[in-house]
1. Is the shape of the chain rounded, prolate or oblate, going by the alpha carbon gyration tensor and its root eigenvalues a ≥ b ≥ c, with a/c under 1.5 for rounded and a/b larger than b/c for prolate?
2. Among the aspartates and glutamates, select those whose C-alpha is under 15 Å from the C-alpha of residue 254, and discard any that sit fewer than 8 residues away in the same chain.
3. Just check the stretch 452-543 against the gyration tensor rule for me: Cα atoms, a ≥ b ≥ c as the square roots of the eigenvalues, rounded for a/c under 1.5, and otherwise prolate or oblate depending on whether a/b exceeds b/c.
4. Counting only trypsin sites (Lys or Arg not before Pro) that are in a DSSP loop and have at most 13 other C-beta atoms within 10 Å, tell me the longest site-free stretch of the chain.
5. Across the stretch 371-527, how many lysine pairs, 8 or more apart or on two chains, come within less than 24 Å at their alpha-carbon atoms?
6. For a footprinting-style exposure proxy, rank 299, 457, 316, 524 by other Cβ within 10 Å, fewest first.
7. Could you tell me which of rounded, prolate or oblate describes the stretch 317-542, using a ≥ b ≥ c as the square roots of the eigenvalues of the alpha-carbon gyration tensor, with rounded for a/c under 1.5 and, failing that, prolate when a/b is larger than b/c and oblate otherwise?
8. Which of 416, 508, 107 comes first, and how do the rest follow, when ranked by fewest Cβ neighbours within 10 Å?
Amino acid sequence: MYEIQRMVRFRSLARIARNSWIFTIRLFRHFSSPARPGWRVFLASNSGVAISGLLISCSGSIKPFQGVAEPALPPANDASWTQLVALRQDNWFHLLDNGPKAIDWRLRTIDSATQSIDLQSFLLGDDPLSEELIHRLLLAADRGVRVRILMDDSFLQKRDAAVHAIDSHPNIAFRVYNPYKRRGGGSAVRLLLNLGDFSRVDHRMHNKLLVVDNRAALIGGRNLAGEYFGHDPTMNFRDLEVLTGGSHVRSLSKAFDIYWNDHWAIPASDLPGASRPGPSLASYRTKLGRDSSLLRPESSALRLRAWSGICQSAVSGKPTLLVDRPPEKNPALASEAPVQVAHDLRRLIDAAKFEVILISAYFIPTQELEAAVERAESRGVQIKILTNSLRSNNHTAAHASYRRHLMRLVHHGADLHELRAYGKDRSRHMKGAAANRSLALHAKALIIDRDKAFVGSCNLDARSLRINTEVGLLIESPQLNRRLRDAVELDFHPRNAWHVQKQFDGSLRWVGDEQTLKVPPAVSGMQRLEDWIFTLLPIEGEM
């Protein structure tokens, strides 16, 4: 589900033409998923010449939006919020470790809105859970709440009709970040149609943030689809986010405003083809799927009781918002690269005294990050890492780039663990029994010493650290640090993760609770072959 942001970045049409064989393999990278036939990877490697002419012909670009800045509304003073503020006047944090509980709290937070909802996300799914979220947003708008939705364009293909229908509500404004100009077809076709503008559209907004009434917020790694909340019938993600309240929520609103008012946040009404007639809002609402297993609308008394309970159990902390600046002029310019979060995370590692726990779905360290990790190890800091195994990774190409760093990481002393797709305790991240459903890691978190924790949208890979924009919270709180440690402790257990260990002869072993492997755990030999093929390609800087 990440193929759009994993494409090769080119600086000019001439360079695209010269390197079209690399681009084509990257274009069909999603065929390397275990769920798809492996032979298509080989077809991709021979397709470059055929599309070179298309690469040059698809020139042109969408124009940045020039509009009046629109600020967030001030904190709401509804009686319920006033009672909660009286209960907790500090900055408080509650870790949402369990997917089903996380979607309940997301819906409850939306249902609690009396004045404003600001929603920013990378991906909006097309499943009953996603549609229930949209339904609740529409209900909030019906009762007069101002709703602003900002979505990245990576996975909105074939969704323009829905975007325009939602945007037609008088209390909803829908904007699309850095949109594709040519909007037809699926993801692969749309990429081909926009290759002349690829250096711009390669830059994506990966931020995930929800702010309600400027009183409460959700921030973390979850996209808006069923698999991020444990509701998918085949494969789900182990993810993390934080529910928070207090005066610092205003800084999160300001961060949302920076992106909402950015020139590359294009109103739905300004998207190419917006003038074409589409389904009415009423027609769209009748087609929304509903998930009866999700939290149903509650009375105000029940909601207030739930909020009071969460506030009382939440922990205090000192928050620092880490957020990338969106490009001011052109996302294609290297000088506009969003690297602020990357610098902040490296500084955290450099300041660590005795331990850093790194949790990242895709762990492909840049030279700067790798150097920071090695500096920490050289001064005696323990580095512990959890990332995806080949089998649990939903992108074989990403694993191939990570694989290049394996030996160096272990050699320098990193305690490295890889998630098991069929770990024995995976059902704790899913709705209902695990059955034959697999699990993949999607969480992005750092645990520093005993008093700091970072939870956000940033993977520890080149794309998150250099190309995409990201956001997260650094929270100085021994209590939250402890809760996050407790939450991930079982993920590192051999029941649920392979422990990568170096042997006396220099080889690696993947050690589980009942089995030890000499090769990376994989679905099949074909997946290992695909993994090896991708290690031959010069694509790591884009992963």
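1. Oblate.
2. Within the straight-line limit of under 15 Å, residue 254 reaches these aspartates and glutamates: 70, 118, 213, 262, 324, 470.
3. Taking the square roots of the gyration eigenvalues as a ≥ b ≥ c, the stretch 452-543 is oblate.
4. 144-289
5. Here the count comes out as 10.
6. 299, 524, 316, 457
7. The shape class here is rounded.
8. 508, 107, 416
No value in this document is a laboratory result; all are computed from the given coordinates. Just so it is clear, the model here is predicted, and its values are computed rather than measured. Ideal geometry is used to build each Cβ from the backbone, glycine not excepted, and the neighbour counts take in all protein chains shown.
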